[in-house]
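Reviewing the structure listed below.
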Amino acid sequence: MNIMGFIASPRKAGNTAWVANKILEGAKEQGAETQSWYFSDLDIKPCQSCYGCKEGNRGCIINDDMQQLYNTIADADALVLGSPVYMGQMSAQAKIFTDRLFAQFSPRFSPHFKENAAKKKLILVFTQGNPDSDMFQVYFDYTKNMFQLLEFDVKGMHVVTGMRNGPAHERKDLYTAMKDIGSSLVLE
Ligand SMILES: Cc1cc2nc3c(=O)[nH]c(=O)nc-3n(C[C@H](O)[C@H](O)[C@H](O)COP(=O)(O)O)c2cc1C
């Protein structure tokens, strides 16, 4: 199983990277091949709404690092998308990435969408400062639904809370919890 981690935080050694990489570590221990992509290392422009992706078979016509990610996603069985919560939502980096999926994963609008292709499995993981896990539940439910409409097989939506009280790597409870998410992705 080939699993890609997409880390949509500007902090490569931050909470989001740590939890996403722990999930990947759990998957790797069960035999998966994993790789992490840090959006802070990549030049990914916002969707220009040019609809070039809907003409012919070119896919997205913006020539930037998202092209690497399209290829990576095509070869992947599962994705782990990690984002910090910024102002009650995903980070701008995560939103730009999500908008760019319009070129390939929008069944209603995309000539590139393959009706019979196996759905990509997806784990969504957020980290937030606030300890209240209900605070943005409406948004998380909405986001999960949105990815399902994009025809992802959403296997989990996980929110790691309370980061204002200390970094994720100091939270002993998270070691096993995050690795278990990764191993379940492989073993289920
Ligand atoms: C611009 C910005 C906005 C944030 N907005 C929220 C928020 O609305 N709710 C919340 O609980 N935490 C919020 N936080 C805290 C982050 O979600 C939290 O610290 C997260 O774990 C950071 O992830 P990172 O370590 O990967 O950068 C915000 C942080 C920043 C920098």
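The values are calculated or read from the model by the stated rules, or taken from the named source; none is laboratory data. Just so you know, these numbers come straight off a predicted model, no measurement behind them. Ideal geometry is used to build each Cβ from the backbone, glycine not excepted, and the neighbour counts take in all protein chains shown. Accessible surface areas use protein heavy atoms only, side chains included; no ligands, DNA or RNA. Shrake-Rupley method; radii C 1.70, N 1.55, O 1.52, S 1.80 Å.
Things worth noting here:
- Residues of region 73-112 that are within 16 Å of the ligand (Cβ to nearest atom) and either within 28 Å of Ser183 (Cβ to Cβ) or modelled with pLDDT under 95 (or both): Val80, Leu81, Gly82, Ser83, Pro84, Val85, Met90, Ser91, Gln93, Ala94, Phe97.
- Residues located in region 12-42, provided they are charged (D, E, K, R) and either crowded, with 23+ Cβ neighbours inside 10 Å or touching a residue at least 60 places away in the same chain (Cβ under 8 Å) (or both): Lys22, Glu25, Lys28, Glu29
- Scanning region 112-168 for residues that are out of contact with any Lys or Arg (no Cβ under 6 Å at 6 or more places or on another chain), part of a loop (DSSP other than H, G, I, E, B) and more than 22 Å from Trp18 (Cβ to Cβ) returns His112, Phe113, Lys114, Glu115, Asn116, Ala117, Ala118, Lys119, Lys120, Asp134, Leu150.
- Some residue of region 162-181 being open to solvent by less than 30 Å² (accessible area, probe 1.4 Å), among the polar types (S, T, N, Q), farther than 30 Å from Ile62 by Cα and more than 16 Å from the chain's Cα centre (by Cα): no
- Residues in region 113-142 that are open to solvent by 60 Å² or more (accessible area, probe 1.4 Å) and away from the ligand (no atom under 16 Å from the Cβ): Lys114, Glu115, Asn116, Ala118, Lys119, Asp141.
- Test: residue in region 43-59 that is free of Cβ contacts under 8 Å to residues at least 60 places away in the same chain, within 16 Å of the ligand (Cβ to nearest atom) and hydroxyl-bearing (Ser, Thr, Tyr): no
- Taken together, the residues in region 48-99 that are open to solvent by less than 60 Å² (accessible area, probe 1.4 Å), on the phi < 0 side of the Ramachandran plot and part of a loop (DSSP other than H, G, I, E, B) amount to 8.
- Some residue of region 113-124 being over 15 Å from the mean Cα position of the chain (by Cα) and closer than 23 Å to Ile44 by Cα: yes
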